[in-house]
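Asker: One structure coming up, written as structure tokens, with questions to follow.
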Amino acid sequence: MQGDVAGEQSAATSARDLQPPDHVGKSDLRAPVSEDDVRQMDARHERATRRLKANVERRVRDRQLVLALARDGFQGQQYEHFVEELARYGISVLRGWMHSGYIFRLTAERGFGLSPHELELEDLSQDSELREELATMTVASALPSFRQRALVEGRWSHEGGASITTYFMGACLYAFPNEFRRHRAAEERHRRALQRQRAVHEDVVHPLSTCEDVAGRERVLEELRSIRDPRARAAVALTIDGYTQEEIRQLLDERSARAIEGLLYRWRGKARRRHGGEQRG
């Protein structure tokens, strides 16, 4: 309620400022507008015009790009390049939103009450790898529905006021809550597992096992970062977490489990060739 009162006071103050002062006479009303006032107004108008023009030009370029992608059925090399650039942009923006916590305000505005704990906000602010993982999974989850709805079904239009990247970030905001809830559930399972382990063993953590665990995690993260395709990266990450191919298919909204198997097969082949080259070198 305090904010409501403050808002009313601010609005009232602003309204008073728009009224002429009591000492102004009729002769003053004929005074010309100063050159400084005109310059300020012209500058504001010019900035607004430039922003509007840039937005229109960007949406026109997006329309031309979408028409070109549509000619190939939203597949092929040009589409893959488009997806790669879009994914890179989406991951970068999501990481920034998570670092500041702004993403929870945006999701709340869309009806997702995630109610993050202070410790969760702190983790997202300090843990770059966590932000990378959540951003990658969110983008991989958003891409299939974005392709179908925005592109194939033509729900995105350059006349709608949003660029294609802005539209895609909207799709990411609808995918993020599920990814965050999965992360939260995984953290809770891990916490309970540690509690059960402590109940059985007095000495739960051995220094050597901790070092090995950290080293293993670093190797896994390094391997994941080397995968350029966000869908393949998400499939590999989910496989490492113990999800079945059918579960991964549902999470990534792929056509079949065979599609997931194909992603993993191609990744394994590239990984074998890469590691084989490193050993020979």
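Asker: What number comes out for the charge environment of residue 65, summing +1 per Lys or Arg and -1 per Asp or Glu over other residues with Cβ under 15 Å away? Working shown, then result.
Answerer: Values: positive: 58, 59, 61, 63, 71, 147; negative: 57, 62, 72, 80, 84, 85.
That works out to 0.
Asker: Please give the peptides 65-74, 228-237 ranked by average Cβ packing (other Cβ atoms within 10 Å per residue), highest first, as a rough proxy for protection.
Answerer: Details: 65-74: 13.3, 228-237: 21.3.
The peptides rank, most packed first, as 228-237, 65-74.
Asker: Quick one: which of 183-193, 104-114, 165-175, 241-251 comes out on top by average Cβ neighbours within 10 Å, and what's the full order, highest first? Mind dumping the intermediate values first?
Answerer: Working: 183-193: 11.4, 104-114: 13.4, 165-175: 19.2, 241-251: 15.2.
The packing order, highest mean first, is 165-175, 241-251, 104-114, 183-193.
Asker: Return the sequence-ordered ³J(HN,Hα) values of the stretch 144-153 in whole Hz as given by the Karplus equation 6.51 cos²θ - 1.76 cosθ + 1.60 applied to θ = phi - 60°, using x for Gly and Pro.
Answerer: With coefficients 6.51, -1.76 and 1.60, one gets x, 5, 4, 4, 5, 7, 6, 9, 4, 7 Hz.
Rule-based calculations on the coordinates, nothing more; no lab input. Worth saying up front: this structure is predicted, and the values here are computed from it rather than measured. Every residue, glycine among them, receives a Cβ derived from its backbone with ideal geometry; neighbour counts consider all protein chains shown.
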